[in-house]
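Contents: one structure, followed by commentary.
Quick note: the coordinates plus some simple rules give every number you see, no bench work behind them. Remember, predicted model here, so these are calculated numbers, not experimental data. Heads up, the Cβs are rebuilt from the backbone with ideal geometry, glycines too, and the neighbour counts pull from every protein chain shown.
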Ligand code: ADP
């Protein structure tokens, strides 16, 4: 394999990865992908699949934590590909870039310290990215590592959208809207550019609806507004996250509700959203298959709030020409798309029910004023592209 690039997405107990191979003309071919799971237990496990999903490895990991996972991925790769030199570069998904990182960056000691210093802004994600970067340095000290930030695509958001109505000193400290899912939005914008030469002239909203969910408004091809804020808990209702909440409700929970900052954090990130409202599951597919009225009610609230935020972003853009659905729910759940579009019909959205049921590339009808697209996202490919470009420059 020539110039293999490893893309890592490190979470608290898992490490998802994809391997790409450089081909001619700076293109990348997807190789294997997989997951090291249960890293916080005594039985960590590695599974690897080929580009068509065929199983390539399914085994226990000998070491522990992220370090053990990185060792296992390297060992599998060396044995599978017979490539003793290992990876040409490793690209990491890093959730928070703060005010400093507005583009992908090669990681050195100074950059690593700065990424670690952003932990208070993303306490549930950032420490695991740092751990994965350190583990790669320990296992393969010479490999080029690149950090790609979920916040970076939103660097173009104007100050009026970024600022909360707080005293100026707090805004100056960086208590502002950053936005997330930027690697997904960036990837979708590359697809839009290939599909429609005039896409930058269109007022576009991309709906990234997965376990995490957010909307991004684009004008002139750039992010101008988004539903997530300082943290990834703001905006839309999600699988287990509450989305936008009256800050007074949080104060009430802390003062009168018996919650501590830690238990309130767990409530808002892990016990709310589809899971909390339904009392059944955080998984949209499970809820769609359930006959329980609470499951239908949770989906109703999800689509209501998505349509409400969509209208707010159309307000920012002064109208809407293109709506893109992406991520697990956006790509695969026709009835969720239909509910959101029905609620937003006044914006000029009309669905083609047959195309929508088939998850077609365009699901709006001919007379619809808004073109509604379904585009599968690929954040890992975006990271691999950035990593290759920093490796070559
Ligand atoms: P993550 O944010 O973890 O990357 P995904 O983008 O994979 O998540 O999205 C996961 C969500 O997509 C889950 O709620 C899952 O139920 C939903 N989903 C996936 N496939 C379908 C489907 N065919 N119908 C409805 N929901 C689906």
Tail beyond 20 Å, pair distance distribution of segment 276-363 (Cα, percent): 37
Cα-based equivalent ellipsoid of the chain: semi-axis lengths in Å, sorted from largest, via gyration tensor: 33, 25, 23
Where labels lie 7 Å past Cα in the beta-carbon direction, separation of residue 57 and residue 346 in nm: 5.5
Order of 1, 284 - criterion: other Cβ atoms within 10 Å of each residue's Cβ, fewest first: 1, 284
Burial ranking of peptide ranges 227-235, 240-248 (average Cβ count within 10 Å, highest at the top): 227-235, 240-248
Projected label distance in nm at residue 166 and residue 246, using a 7 Å step from Cα toward the beta-carbon: 2.1
Burial ranking of peptide ranges 313-323, 129-139, 154-164 (average Cβ count within 10 Å, highest at the top): 129-139, 313-323, 154-164
Rounded to 10°, Cα long-axis angle of helix 334-343 versus longest principal axis of the chain: 40
Once the Cα gyration tensor of segment 59-182 is diagonalised, semi-axes √(5λ) in Å: 34, 14, 12
Stretchable slack from residue 81 to residue 109, in nm (0.36 nm times residue separation minus alpha-carbon distance): 7.0 nm
Burial ordering of 101, 87, 180, fewest other beta-carbon atoms within 10 Å first: 101, 87, 180
Of all DSSP beta bridges in the chain, antiparallel share, percent nearest 5: 65
Fewest-first ranking of 346, 76, using other Cβ atoms within 10 Å as the exposure measure: 346, 76
Equivalent ellipsoid dimensions for segment 126-248 as semi-axes, Å, which come from the Cα gyration tensor, largest first: 26, 23, 15
Quarter of the Cα convex hull surface for segment 328-393, i.e. its orientation-mean projected area (nm²): 5.7
C-alpha center-to-center spacing [segment 355-379, segment 142-190] in angstrom: 27
Length gained when the stretch residue 175-residue 41 is fully extended (0.36 nm per residue, less Cα-Cα span): 44.7 nm
Ranked packing of 285-292, 302-309, most packed first, by mean Cβ within 10 Å: 302-309, 285-292
Fraction of antiparallel bridges per DSSP, segment 26-161 only, in percent to nearest 5: 65
Cβ-derived FRET efficiency at R0 45 Å, residue 358 paired with residue 3, nearest 0.05: 0.75
Part-to-part distance (alpha-carbon centres) for segment 1-61 and segment 275-318, which is given in Å: 32
Computed lengthening from residue 119 to residue 300, 0.36 nm per intervening residue step minus Cα-Cα distance: 61.7 nm
In nm, spacing of pseudo-spin labels at residue 26 and residue 12 (7 Å Cα→C-beta vector): 4.0
Degrees, to the nearest 10: 126-139 long Cα axis against longest axis of the chain: 20
FRET efficiency estimate (nearest 0.05) - Cβ-Cβ, residue 335 to residue 369, R0 30 angstrom: 0.85
Debye-sum result for segment 1-89 in log10 I(q)/I(0), which assumes one identical scatterer on each alpha carbon, at q = 0.21 Å⁻¹: -0.98
In degrees, nearest ten, helix 182-195 long axis to first principal axis of the chain (Cα): 80
